[in-house]
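Only one structure is covered here, and it is reproduced in the block below.
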Amino acid sequence: MLGKNEAFNRTTARSIKLLLLVVFICIFMLKNLAASEINFAKREVENNDDQGDNDDNHCENDGDDDSCDVSGKQPHIVVVLIDDAGWNDVGWNNDFMPTPVLNELAYNGVILNNMYAQPLCTPSRIALLTGRYPAKVDMQHSVVLPSQPYYLPSEYSTLANKLKEVGYMNHVVGKWNIGSCNWTYTPLWRGFDSHYGCYEATISDYETHMLNWPPNRQPPLFTGIEFRDNTGVVTHQNGTHNTFLFTERAEKIVRNHNPSSPLFLYVAYMIPHFPLQVPAGFEESVQVDDADRKIVGGMMAAIDQGVGNITQALKDTGIWDDTLFVFLSDNGGDDLFAGSNYPYRGNKASTFEGGMKVPAFFHGSMLQDPSTMNNELYHFTDVFATLVSVAGGELDQWFRPAENPSAPIPDVPLITENENNRFLFNLKDDPLETNNLYYDPDEQNVVIEIEQRLEEYRASISPIWYPDELDPRSDPAKFGGFWTPGWC
């Protein structure tokens, strides 16, 4: 095993526990979590009628509260989002994970011990990039899959759009995964000035850059190269792990950036998400008997080196001291592919703690209380609001209810009525979720209160739309052997 405190159990993936559990968890955490050392910006509720008594506060740099002070200067913003890294897959939670660069940044910044994502890739990216819960933008169901006409509707602004309004140059490197069946859903049409990476949720080989879909079918129905440099196809990097290529491009963007304009750099590494394919040179980063866990350790070491290279470029160009650096994982680890969420219960795609509680930190000279651990509850939507606020952007008057695009709506219930899927945990007293209080007679007033709140939320969200995948219009063979937008 990797590390004296590590334990993970690679079993059959747990099915997604639905919205009721999420509400249960959030209500208890909101009641019990401690106050923050820093006052991150909170987004305003999307619609007062929809959100009821949620009363979030903006981070305002006036009066005596300067906890988000950037001294009147817009910070450069770098967000590093990694894929499927569990709680126990980073060095500040697991001494034996080889992430010294990330550890140093985390320890000198603010470690967010209660940062919550969504349980899957696409919904988390939607929350981060729009500042809205996925159910508010018609993206609450699952992941955007290759060959599926599923996408963030064009009427919704992204973080890049909001930062562009206040003068930022915006670049995304790596994974997109919020829709690409039409060019208008891709980064250059969503506020970014450049994109280098992949549109889809996954890749079949990080070195050949081929995506075969579906992955469990031989031969696959569709196969093609999945790598873009803006709208062009990358064909000359066969044999190089895309982790190295993403780092190299991020460094280049930093070194070529004119510091007179604020920079937003969003680096979305695709590992340690499957396939388990360690970048060359990192095969022996950790010594552990489990071969798959060894690969995950090597993947994390490659990310760590990449972050080190990016931060060095920021230092070399003289803008590091003016940079707010954010590190996140998009959801919990996948124990089918050697991810570890120890000591928490659950897995990627579940709404137990292990599926949604992710490693995260902020680092920057503008933080008022560095070298601290923050135990307040945060969600990816709060990251959006924080970044827009410190950049000098506006959050007012732009939230509005979701408008469902025309698409087939499957005849499925919004939540399960299976009594086995009803849970209530007091996370302050039971963070490992071992004691289900749902049927406890002493907790029935709480159960009733939460179920009433759930009904209010259900009434405010749009119906699920989740189009069929394997749309033949997407076949890369129709586009010269490349996964290409423009077919929906």
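The values are calculated or read from the model by the stated rules, or taken from the named source; none is laboratory data. Quick caveat: nothing in here was measured; it's all calculated off a predicted structure. For neighbour counting, all protein chains shown are included, and Cβ atoms are generated from backbone atoms with ideal geometry for every residue, glycine included. SASA here: full protein model, heavy atoms, side chains in, ligands and nucleic acids out. Shrake-Rupley method; radii C 1.70, N 1.55, O 1.52, S 1.80 Å.
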Quiz prompt | Answer from L245, L211 - the residue that is open to solvent by less than 10 Å² (accessible area, probe 1.4 Å) and not in a strand (DSSP E or B) | solution = L245
Quiz item: Among L120, L129, L145, L105, which is over 30 Å from W183 (Cα atoms) and aliphatic (A, V, I, L, M)?
Solution: L105
Quiz item: Are there any pairs, at least 6 apart or on different chains, whose C-beta atoms fall under 8 Å, with the first in segment 364-381 and within 20 Å of P75 (Cβ to Cβ) and among the aliphatic types (A, V, I, L, M) and the second surrounded by fewer than 20 Cβ atoms within 10 Å (Cβ to Cβ) and at pLDDT 95 or above, and if so, which?
Solution: none
Exercise. Among residues belonging to segment 445-483 that are part of a helix (DSSP H, G or I) and polar (S, T, N, Q), point out the one that is nearest to the chain's Cα centre (by Cα).
Key: S460
Quiz item: For V101, are the conditions met, namely being more than 13 Å from the chain's Cα centre (by Cα), crowded, with 24+ Cβ neighbours inside 10 Å and modelled with pLDDT of 95 or more?
Solution: no
Self-check item: Residue among L211, L159 that alone is among the aliphatic types (A, V, I, L, M) and under 22 Å from A385 (Cα atoms)
Solution: L159
Self-check item: Residues (part of a loop (DSSP other than H, G, I, E, B), more than 24 Å from the chain's Cα centre (by Cα) and surrounded by fewer than 16 Cβ atoms within 10 Å (Cβ to Cβ)) located in segment 222-242
Solution: T235, H236, N238, G239
Quiz prompt | Given (1) of a type in the set (A, V, I, L, M, F, W, C); (2) modelled with pLDDT under 90; (3) buried (at least 20 other Cβ atoms within 10 Å of the Cβ), number of the condition V70 does not satisfy | solution = (3)
Quiz prompt | Residue list for segment 425-480, restricted to those being in contact with a Gly (Cβ under 7 Å, 6 or more places away or on another chain) and open to solvent by less than 60 Å² (accessible area, probe 1.4 Å) | solution = P476
Exercise. Out of W189, W176, report the one residue that is modelled with pLDDT of 95 or more, of a type in the set (F, W, Y) and open to solvent by 10 Å² or more (accessible area, probe 1.4 Å).
Key: W189
Quiz item: Taking V78 and the conditions (1) modelled with pLDDT of 95 or more; (2) open to solvent by 10 Å² or more (accessible area, probe 1.4 Å), which numbered condition does it fall short on, given that it satisfies the others?
Solution: (2)
Quiz item: Quick check: is even one residue across segment 159-174 in a loop (DSSP other than H, G, I, E, B) and touching a strand residue (DSSP E or B) at 6+ places or on another chain (Cβ under 7 Å)?
Solution: yes
Exercise. For Q118, work out the one condition from (1) open to solvent by 10 Å² or more (accessible area, probe 1.4 Å); (2) in contact (Cβ under 8 Å) with a residue 40 or more places away in the chain; (3) within 18 Å of G191 (Cβ to Cβ) it doesn't fulfil.
Key: (3)
